[in-house]
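The values are calculated or read from the model by the stated rules, or taken from the named source; none is laboratory data. All values derive from a computational prediction rather than experimental measurement. Cβ placement follows ideal geometry from the backbone for every residue including glycine, while neighbour counts extend to all protein chains displayed. Note: areas computed on protein heavy atoms with side chains; ligands, DNA, RNA excluded. Shrake-Rupley method; radii C 1.70, N 1.55, O 1.52, S 1.80 Å.
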Amino acid sequence: MKDTLKHRGMRNKLAEVLSAKGIQDPKVLEAIKTIPRHLFLDSGFEDHAYQDKAFPIGAEQTISQPYTVAFQTELLQIKPNDSILEIGTGSGYQTAVLLHLRAKVFTIERQQELFKKTKLFFSKMGYRPRKVIFGDGYKGLPQEAPFNGIIVTAGAPEVPKALLSQLKVDGRLVIPVGIEEQIMTLYTRKSEKEFEKQELGSFRFVPLLENKN
């Protein structure tokens, strides 16, 4: 599949839709306009790539709705060279958005089929996360901690303590919390022991599973 002018036009429209829904960060909107989302989907879904919808990508996982990707990314408030841990690589689209914002990205995927497919896709496309790891996102990545930001792209029944402990002071954890439906939750580390919590509306994600590689 190629990236054409038509695709670019569709991305510009998508960015307008997201802007109308409240996404304000110009860098995030620029990432949406730039990254060829259709290449992250099976070719059968190409026509749907620039609708603001989630789609299946195999291994019972989905590529998140563009609004959700943009919303979570905006909450991280990424600055160039921030180290960001992503839990749930999935199709790699969210990873690409983080890389576009010039973050150092460490990403973990627990589905082996997806892990292999996405890792191959990254090298083919020239996307270069610092590490692409097959493993249990619940545990985070202590050997690379602390992080400026952690983003979880699956619904967590509760907040894994390991992730909170791996944030820098002033670091942000963006995580959808809940079983059937999730509340998008932002934790900001204020000090060694203190976290500020904000709840930011309901979303639906596939579940984050513990010890399930």
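Per residue, what accessible area does the chain have, given a 1.4 Å probe and all protein chains present, in Å²? Please report the intermediate quantities before stating the final value.
Numbers: 10480 Å² over 213 residues.
Heavy-atom accessible area per residue stands at 49 Å².
Taking the Cα centre of the stretch 73-153 as the origin, how large is its charge dipole in debye, to the nearest 20, when only Lys and Arg (+1) and Asp and Glu (-1) carry charge on their Cβ atoms? Display every interim value, and only then the final one.
Working: 12 positive and 7 negative charges, 68 e Å.
Once rounded to the nearest 20, the dipole reads 320 debye.
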Practice task
Report ³J(HN,Hα) in whole Hz for each residue of the stretch 44-49, in order, from the Karplus equation J = 6.51 cos²θ - 1.76 cosθ + 1.60 where θ = phi - 60°; Gly and Pro get x.
Solution key: x, 9, 3, 5, 9, 4
Problem - Residues whose placed amide H lies under 5 Å from that of residue 147, excluding near-sequence neighbours - result: 167, 168
Exercise for the section: Quick one: which residues, 5 or more positions from residue 63 or on another chain, have an amide H under 5 Å from its amide H? H modelled 1.01 Å from N in the peptide plane, none for Pro or chain starts. Expected result: 55, 57
Completion exercise
With label points set 7 Å from each Cα along the Cα-to-Cβ direction at residue 53 and residue 158, the distance between them in nm comes to 3.7
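Run through the DSSP bridge list for the stretch 28-158 and note the antiparallel percent, rounded to the nearest 5.
Numbers: 3 of 16 bridges.
Counting only bridges with both partners in the stretch 28-158, antiparallel ones make up about 20 percent.
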Practice task
Give the long-range amide H neighbours of residue 195: residues separated by 5 or more places, or on another chain, with amide H under 5 Å away, using H modelled in the peptide plane at 1.01 Å from N.
Solution key: 190
Handout entry: Cα-derived Rg over Rh, computed across the stretch 1-68 with Rh taken as Kirkwood radius
Key = 0.96
Problem - Equivalent-ellipsoid semi-axes of the chain, from the Cα gyration tensor, Å, largest first - result: 26, 19, 17
Practice task
Have a look at 85, 41, 200 and tell me which one the Gaussian network model of the chain (Cα, springs below 10 Å) gives the largest fluctuation.
Solution key: 200
Handout entry: Calculated from backbone phi, Karplus (6.51, -1.76, 1.60) coupling profile of the stretch 183-190 in Hz, x at Gly/Pro
Key = 9, 5, 10, 10, 10, 10, 7, 8
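Quick check: convex hull over the Cα atoms of the stretch 63-115, volume per residue in Å³, rounded to an integer? Walk me through the numbers before you get to the answer.
Details: hull volume 3.4 nm³, N = 53.
It comes to 64 Å³ per residue, whole-number rounded.
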Handout entry: Accessible surface of the chain [probe 1.4 Å, protein heavy atoms]: carbon and sulfur percent
Key = 50
Exercise for the section: Please report, in debye to the nearest 20, how large the charge dipole of the chain is about its Cα centre when each Lys and Arg carries +1 at its beta carbon and each Asp and Glu carries -1 there. Expected result: 760
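Working from the alpha-carbon coordinates of the stretch 43-153, get Rg over Rh, Rh being the Kirkwood radius.
Working: Rg = 13.3 Å, Rh = 14.2 Å.
Radius of gyration relative to Kirkwood radius: 0.94.
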Practice task
Pick out which of 185, 107, 95 has the largest mean-square fluctuation in a Gaussian network model of the chain, springs linking Cα atoms closer than 10 Å.
Solution key: 185
Problem - Under 24 Å from the Cα of residue 190 - lysines, other chains or at least 8 residues apart - result: 79, 104, 139, 161, 168
Completion exercise
Karplus ³J(HN,Hα) for the stretch 169-180 (6.51 cos²θ - 1.76 cosθ + 1.60, θ = phi - 60°; Hz, whole; x = Gly/Pro) runs 4, 6, x, 10, 10, 10, 9, x, 10, x, 8, 6
Practice task
Would you mind calculating the gained length between residue 24 and residue 204 on full extension (0.36 nm times residue separation, minus the Cα-Cα distance), in nm to one decimal?
Solution key: 62.6 nm
